[in-house]
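Data first, discussion second: the structure below is written as structure tokens.
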Amino acid sequence: MNDVCVLGLGYIGLPTASIFATRGKRVLGVDVVPRVVETINRGEIHIEEPDLDVLVRAAVHSGNLRAAPQPESSRVYIVAVPTPFKVTATNPKAPDLTYVESATRSLAGVVRPGQMIILESTSPVGTTELMQGWLVEELQKIRPAEVTVLREALLFAHCPERILPGQMLRELVSNDRICGGLTPAAAEAARDLYRVFCTGEIFLTDARTAEMCKLTENASRDVGIAFANELSLICERLQIDVWELIRLANRHPRVKILQPGPGVGGHCIAVDPWFIVDAAPDLARLIRTAREVNDSKPHHVIARVQECAGRFKAPVIACLGLAFKADVDDLRESPAMDIVAHLAAAGAGRLLVVEPHIQSLPRGLPADKVELASLDAAVKAADVVVLLVNHREFVGFDRRKLEGKAVIDTRGIWR
Ligand code: SAJ
């Protein structure tokens, strides 16, 4: 029997499955996308993350990691599927638990008494309890005689991941972890599992607190970035260099202001705070406002670029970066993507995009209006240079090549 079955082989599931496999566990990785299953079984990867290729290759070649489209019976099941949001009649940003639900239901045919189901996906409070309900519902359909025994004998826990894209493999091992069980026994069993590779401290709690804890961490960062973004707008009006201001304010021993940027992207911080707002819309006022401040920042950048481009007859605009943050290839919820798409739709000028982490123009950007270009070529041709992502390649760029260009540096790297 497998030790661990990981459902969802994305940014969280794949490193987690691989690290268990390299620590001697027999792991089955499950993904509904056939290409992902094939790629991993070849020992290759479908996402970009430093050193992940080496880890996956080692895991697959050791014989401890294989991928399949369906789960099989395993001592532990880890659900690491996306939890996006969806539009409902009352809430345009309501949590969408479809993937968690179908992954959970897919376990009904394979679970055995004593096995454990862990939710790693960032989820609204109450999701782990919902998972138990979905599984019982499914068992009632296909294994009615076993429902009572299985309901008592399955362990459920929420153990949210906290790893930072770009340094996932280090953080996977060294970060402290929270294990929240539907029962204390489930939390303890989860702790024993993560001890296999986690060198950080592991704290036990109940599932609801663990769910809220993960949302709170990301909402806290969102509020912090919103403060910096709001400052950037105020400073622009007052003609103060916001980065210099923050650098100086941060010399106070108890002040730690984050950095302004073109907005907040990624599939975590731009999404998770809405799960809190959805749960308590009347109370989550600051959290909602922070989301709104951060979501409005790209519009401010777009307006600035349009104003700048308007000074030229046939403006050429170089947009540097599409990823949601530095040194990653992830374009999910990226403010840079939004900004370029809006500029294209508005016909702001000829758009040259530089993104060292992708090979072809992503879906979502019109090929007739946006060209992918090299850094040197784009800057050389541009009237307006818009720095959207602080990728390593851009930080080290020879700034003399920017002379005579209108420069909009949304990350403050070329000050
Ligand atoms: N950003 C700023 N200014 C800052 C910091 C970040 O504008 O000072 C922007 C980034 O450019 C990016 C966005 O915020 O667009 C989010 O980037 P991030 O590096 O803050 O966070 P993520 O989304 O890569 O990862 C977060 C992390 N959460 C926290 O730091 C509390 C990570 O630990 C979580 O595991 C991850 O969310 C997740 O999966 O939830």
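The values are calculated or read from the model by the stated rules, or taken from the named source; none is laboratory data. Source: prediction; values computed, not measured. Positions of Cβ are generated from backbone atoms using ideal geometry, with glycine treated the same way; all protein chains shown enter the neighbour counts. These area figures cover heavy atoms from the full protein model, side chains too; ligands, DNA and RNA do not enter into them. Shrake-Rupley method; radii C 1.70, N 1.55, O 1.52, S 1.80 Å.
In table form, for the structure just shown:
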{"read-out": "Unique match (being in contact (Cβ under 8 Å) with a residue 12 or more places away in the chain, within 16 Å of the ligand (Cβ to nearest atom), touching a Phe, Trp or Tyr at 6+ places or on another chain (Cβ under 6 Å) and of a type in the set (K, R)) among R177, R162", "value": "R177"}
{"read-out": "H391 vs. criteria open to solvent by 70 Å² or more (accessible area, probe 1.4 Å) and within 19 Å of G263 (Cα to Cα)", "value": "no"}
{"read-out": "In the range 165-174, residue modelled with the lowest pLDDT [restricted to those that are more than 11 Å from the ligand (Cβ to nearest atom) and either of a type in the set (A, V, I, L, M, F, W, C) or open to solvent by less than 10 Å² (accessible area, probe 1.4 Å) (or both)]", "value": "L169"}
{"read-out": "Options A153, A187, A226: the member that is surrounded by 20 or more Cβ atoms within 10 Å (Cβ to Cβ), aliphatic (A, V, I, L, M) and within 30 Å of L14 (Cα to Cα)", "value": "A187"}
{"read-out": "Residue in the range 197-214 that is closer than 27 Å to A336 by Cβ, within 16 Å of the ligand (Cβ to nearest atom) and out of contact with any strand residue (DSSP E or B) (no Cβ under 8 Å at 6 or more places or on another chain) present", "value": "no"}
{"read-out": "Lone unmet requirement of (1) within 29 Å of Y11 (Cβ to Cβ); (2) surrounded by 17 or more Cβ atoms within 10 Å (Cβ to Cβ); (3) more than 10 Å from the ligand (Cβ to nearest atom) for T289", "value": "(2)"}
{"read-out": "Extreme residue, nearest to N390 (Cα to Cα), among residues of the range 243-268 that are surrounded by fewer than 23 Cβ atoms within 10 Å (Cβ to Cβ) and either at pLDDT below 95 or near the ligand (Cβ under 8 Å from one of its atoms) (or both)", "value": "Q259"}
